[in-house]
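Let me begin by presenting the structure, written as structure tokens, before commenting on it.
Rule-based calculations on the coordinates, nothing more; no lab input. Every value quoted in this text rests on a predicted model; they were computed, and no experiment measured them. Cβ atoms come from the backbone with ideal geometry, glycine included; neighbour counts cover every protein chain shown.
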Amino acid sequence: MNGGVNVVEPKGDALNGRDDEVRAEHVYQLVLEGIVTGKYEQGTRLRERELSELHSVSRIPVREAIQRLEQDGFVETSPRRGAAVRRLTLTDVNELFDVRLCLETFAARAAAVRVADGQDGARLQELVDETRRAIDDGPEANVAGLSAEFHAEIVRLSGNRLLVDSVKPLFGRMRWIFGLAHNRSNELQRDEHVELCNAILQGRPDLAYSLAYSHIELGREPVLAGLAHTLAP
């Protein structure tokens, strides 16, 4: 007896659908990591059969993962070649910096306001400290990941959930591009992160906005110069 309440058990198709969603997310993350780290170079074909065998899943979650990667700007598909890792251009790089100037400066200002209102910003300081240790003691290979996490934490501190969801592909693109060209010293970027972190934790929104803007803009030309001979306009 169930007390007059009809309990509807999920059907097999519904369960399988959720399983496919989980598998698709898993494949998405693995392929994305392969793209941003250079395992899958620009122009590399992404064959559904090979990916399904590699990750021990059916083609359905692989297809869904590839569709998401295309939507997020990492993959291109064509009738003849199927899916392939997108070939970046210098225009793509410039557009990334333009969007970052809009979104991350807003996030820095909002984060400072929230910290001034009592929001805990301890994780931001932890990331600055972890970056300093990685630069001083190694391995410096961790610095790029910590840098991306630092910027993502500022967005999280903004408290704007729509912004947090919107910038996830953006930070993947950042890691991808910075992996191709990283022409500024880690020490210089660390110092800029320290200043930005201090402004946010001191609750100074205008200063945080200005420091975020200058930090992003100062990175533009070195990255473009580093990619000028390898990417099309």
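Numbers at a glance
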{"quantity": "Crossing angle, helix 12-36 versus the chain [Cα axis fit, 0-90 degrees, rounded to tens]", "calculated": "40"}
{"quantity": "Qualifying trypsin sites (Lys or Arg not before Pro) for the range 38-144 [loop in DSSP, other Cβ within 10 Å: at most 16]", "calculated": "Lys39, Arg47, Arg80, Arg81, Arg87"}
{"quantity": "Helix 186-201 axis, angle to the chain major axis (alpha carbon atoms, nearest 10°)", "calculated": "90"}
{"quantity": "The chain: relative contact order as a whole-number percent, Cα under 8 Å and 6+ apart", "calculated": "25"}
{"quantity": "In the range 41-111, GluC sites (Glu not before Pro) in a DSSP loop with at most 13 other beta-carbon atoms within 10 Å", "calculated": "Glu41"}
{"quantity": "Tensor-based shape of the range 34-148 (alpha-carbon gyration tensor, a/c under 1.5 rounded, otherwise prolate or oblate)", "calculated": "prolate"}
{"quantity": "Helix axis angle, 90-116 relative to the chain longest principal axis, alpha carbon, degrees", "calculated": "80"}
